[in-house]
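A short write-up of the structure that comes next.
What follows draws every value from the coordinates through simple rules; no lab data is involved. Predicted model, so just to flag it, every value in this text is computed and none were measured. Don't worry about glycine lacking a Cβ; one is built from the backbone with ideal geometry, like all the others, and counts go over all protein chains shown.
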Amino acid sequence: MNILIKSATIIDPQSEFHNTTQDILVENGVITKIESNLTNPGNYQEITLDNLHVSQGWFDSSVCFGEPGFEERDTIENGLKTAAASGFTAVAMNANTNPVIDCNADVTFAKAKAANQATSLLPVGALTVESKGVDLAELFDMNTAGAVAFYDYKKSISNPNLMKIALQYASNFNGLVFSFPQENKVVGHGVMNEHIISTKLGLKGIPALAEELQIVRDLFLLEYTGGKLHIPTISTQKSVELIREAKAKGLDVTCSVAIHNLYFTDEALTDFNTHFKVLPPLRTQTDCDALKAGLVDGTIDMVTSDHNPLDVEHKKVEFDHAAYGTIGLESAFGALQTLFNTEQTVKLLTQGKGRFGISEHSISVGNPLDATLFNPNTEYVFSKADMVSKSNNAIFENETLKGQVYGIIANNIIALK
Amino acid sequence: MSELSVNHLLGIKYLNEKDIQLIFETADHFKEVINRPIKKVPSLRDITIANLFFENSTRTKLSFELAEKRLSADVLNFSSAQSSVKKGETLIDTVNNILSMKVDMVVMRHPNPGAGVFLSKHVNASIVNAGDGAHEHPTQALLDSYSIRERLGDVAGKKVVIVGDILHSRVALSNIFALQLQGAEVMVCGPKTLIPRYIHELGVKVETDLRKALNWCDVANMLRVQNERMDISYFPSTREYTQQFGVNKELLNSLDKEIIIMHPGPINRGVEITSDVADSKQAIILDQVQNGVAVRMAVIYLLASKIKQ
């Protein structure tokens with residue numbers, strides 16, 4: 001694959017061409033020249049796009065694609081196409097499948113389904129057999145097959161001894177353990193953030209306390225066991241404080257936040273709209289502000305779309321019966337750009353890679369091109385026409401977003417819309 | 001002619017003060033009608049109403065049915081103790097099946113908060129919420145305010161305490177919204193475990209000492225403890241609850257002034273109020289029941305007149 005990218009503004013602090021507009025020559029997937037005005041050496045594919053910006057490829061640490069088992073929601077193939085169209089060159093796919101991805105063969109299946117796509121699929125194996133929270137799954141064997149981390153998707157490990165053993169065991173091979181931050185007994189039958197809005201709506205609340213108790217527990221365990229802990233999708237002010245303190249102590253903990261938890265508050269639920277039913281729930285403005293501050297000061301390591309396609313039958317029902325989750329890949333960049341500037345946004349979308357063992361390739365001569373192409377300046381109302389996923393459960397539908405993604409070039413494949 | 005600002009009655013929070021006054025003035029008229037020898041008017045001969053009760057109810061269902069029949073509407077009753085979802089059919093499908101038989105209005109009780117709001121977005125009929133989970137029970141709040149107005153002349157400026165299980169109560173929430181809209185002061189009183197943590201942000205006072213609460217108020221609305229909605233014991237025993245939050249005649253007589261006692265029913269005699277309190281002249285519990293029919297006639301009449309437009 002030989003390409004000449006014309007007139008691209010490079011957003012990459014690791015590159016000497018950061019914040020400059022250049023032509024980029026790519027031969028057989030490797031960057032061979034970056035100069036201000038390159039001529040096409042022959043019949044190289046030329047890419048010229050309006051207000052083109054290029055950055056290192058983006059990464060999402062929590063997506064679901066339905067396959068195997070829930071193909072009516074989405075498939076791995078279409079999920080990866082969605083990711084590519086949304087600017088992501090790598091995604092960590094949760095074991096939110098049926099059967100649950102909890103053994104070597106399942107990981108191998110997922111990887112095989114993901115072959116020959118521009119976006120790389122990094123399978124996350126279940127932490128426990130069938131994600132039942134009872135016995136550890138074969139973590140080492142899954143790791144051998146290519147699982148990058150271990151997570152019972154959105155299910156907390158209620159047994160502290162099991163979490164202790166998981167952290168100890170995975171540390172043998174430097175494995176990354178996820179712990180969903182939720183103390184189930186405190187959640188009870190809660191379906192949204194416990195606050196004044198839940199009171200007004202008569203919906204059972206999920207107190208911030210439920211998240212914070214579990215994080216405190218896990219941080220104590222981590223201090224005891226050592227190992228690598230990742231806390232996905234935190235949502236409260238105190239959670240940020242707890243992780244900030246743990247990092248100051250030197251614990252090997254990272255965390256993420258879902259973009260919708262930065263953008264929306266629980267006031268979005270006033271109309272019982274099930275598209276806003278997500279887990280962790282949308283919280284208050286105080287929480288949103290603390291989460292943003294946590295991203296800026298590095299307490300929170302990465303953002304995630306927490307992409308979870310769900311068919312309409314799971315959403316077009318009474319609020320209590322609706323499933324948690326939203327699609328988010330397609331709106332991730334545009335939503336983040338309403339909260340952060342372009343350089344910050346790109347940083348948030350790339351800085352989680354190291355934790356998941358993904359090589360970072362700066363936009364520099366000699367490196368393979370693993371890049372996202374975008375126009376940061378357009379504003380548009382996010383609608384069904386922007387959704388690539390098979391399911392349309394989008395929390396950002398009808399929101400005015402900023403910046404559109406052209407696509408990616410990665411794995412020596414051009415995937416532009 | 002005055003009309004409601006809404007096409008459905010989904011909750012008090014969707015109404016304005018004028019709506020409430022209009023409903024009360026209309027109810028005044030219907031209260032006179034139901035006390036005539038011929039208790040029926042032909043107003044809604046061309047309207048068909050489906051009463052869909054996805055949760056058990058005795059008095060609300062009877063009250064609505066009677067209100068509809070007094071207005072000469074055609075009435076269809078559907079009861080199912082369990083939600084339609086559990087049977088495999090969605091709520092929208094269940095209701096649309098019924099509506100395809102040319103029904104104009106749906107009165108629905110449902111265990112899930114927001115079920116009425118949800119339905120109003122997806123089906124083509126006027127919806128009256130007859131109680132949706134712990135969300136709202138607007139006609140109950142309307143008849144409660146109507147009964148206060150009847151006994152005390154006005155709701156504005158009155159002090160009302162709602163006692164008991166506030167956490168699981170749609171009656172409490174609708175009453176708070178309705179009373180505040182009319183200019184009353186509201187307090188909630190009960191064990192801390194049964195009071196929503198953030199309820200003070202609605203502008204209500206919170207009190208855990210029943211005697212103090214009763215001494216403060218003009219009206220005490222005693223709620224039933226909703227054991228069926230509890231996922232854990234919020235207090236150790238009924239006996240202990242009654243010791244702290246039950247009203248008996250001795251307590252009532254020891255207060256600085258004579259207060260009004262209300263109860264949305266069904267009463268657990270000896271728990272939230274003793275029999276001698278329930279049957280005393282201070283209690284207006286049976287007035288509430290009678291007013292319920294008139295208020296529901298008013299609501300249905302006013303919504304139906306919007307359909308007819």
query = Residues of segment A:323-360 with amide nitrogen under 15 Å from the 7 Å Cα-to-Cβ point of A:THR286?
reply = none
Aspartates and glutamates whose Cα lies under 17 Å from that of B:LYS40, excluding same-chain neighbours fewer than 8 positions away = B:ASP28, B:GLU32, B:GLU65, B:GLU68, B:ASP74
ask   = By a straight-distance test (C-alpha under 27 Å), which lysines pair with A:LYS402 as possible cross-link partners, with residues fewer than eight away in the same chain excluded?
value = A:LYS6, A:LYS81, A:LYS277, A:LYS292, A:LYS315, A:LYS347, A:LYS353, A:LYS384, A:LYS390, A:LYS417
task = Once you have a ≥ b ≥ c as the square roots of the Cα gyration tensor eigenvalues for segment B:164-236, tell me rounded if a/c is under 1.5, and otherwise prolate or oblate according to whether a/b is larger than b/c.
result = prolate
Segment A:36-88 versus segment A:161-219: alpha-carbon centroid distance in Å = 33
ask   = About the Cα centre of the protein assembly as shown, what is the dipole size in debye to 20, counting +1 per Lys and Arg Cβ and -1 per Asp and Glu Cβ, all else neutral?
value = 1980
ask   = Expressed as an acute angle from 0 to 90° and rounded to the nearest 10, what is the orientation of the C-alpha long axis of helix B:59-70 relative to the principal long axis of chain B?
value = 40
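How large is the dipole of segment B:138-288 about the Cα centre if only Lys and Arg carry +1 and Asp and Glu carry -1, each at its Cβ, rounded to the nearest 20 debye?
120
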Chain B, relative contact order in percent, only Cα pairs under 8 angstrom and at least six apart counted = 20
Estimated 222 nm signal from helices in the protein assembly as shown, with DSSP H stretches of n ≥ 4 weighted -39500 (n - 2.57), rounded to 500 = -9500 deg cm²/dmol
query = Just A:ARG283, A:ARG217, A:ARG73 to compare: in a GNM of chain A, with alpha carbon springs under 10 Å, which one fluctuates most?
reply = A:ARG217
remark   = Taking alpha-carbon centroids only, segment A:244-323 lies from segment B:114-153 a number of Å equal to 33
key: Whether segment A:57-356 is rounded, prolate or oblate, judged on the alpha carbon gyration tensor where a/c under 1.5 counts as rounded   = rounded
remark   = Among A:PHE396, A:VAL191, A:ILE3, the residue whose Cα sits farthest towards the positive end of the charge dipole of the protein assembly as shown, when +1 is placed on the Cβ of each Lys and Arg and -1 on the Cβ of each Asp and Glu, is A:VAL191
task = Among A:THR225, A:ASN161, A:ILE243, flag the residue with its Cα farthest along the positive direction of the charge dipole of segment A:154-248, charges on Cβ as +1 for Lys/Arg and -1 for Asp/Glu.
result = A:ASN161
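How big is the charge dipole of segment A:57-356 about its Cα centre, in debye rounded to the nearest 20, if each Lys and Arg gets +1 on its Cβ and each Asp and Glu gets -1 on its Cβ?
440
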Whole-Å distance, taken between Cα centres, linking segment A:342-384 and segment B:243-282 = 67
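If you build the convex hull over the alpha carbons only and average its shadow over all orientations, what do you get for the protein assembly as shown? Give it in nm² to one decimal.
Working: hull surface 140.5 nm².
Approximately 35.1 nm², given one-decimal rounding.
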Farthest toward positive dipole pole in segment B:223-302 [+1 Lys/Arg, -1 Asp/Glu at C-beta], among B:ILE285, B:ILE260, B:VAL225 = B:ILE285
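Based on the Kirkwood radius over alpha-carbon pairs, what is the Stokes-Einstein translational diffusion coefficient of segment B:152-309 at 20 °C with 1.002 mPa s viscosity, in µm²/s?
Rounded to a whole number, D works out at 130 µm²/s.
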request  = Please list, or write none, the aspartates and glutamates whose alpha carbon is within less than 12 Å of the alpha carbon of B:LYS205, excluding same-chain residues fewer than 8 places away.
outcome  = B:GLU185
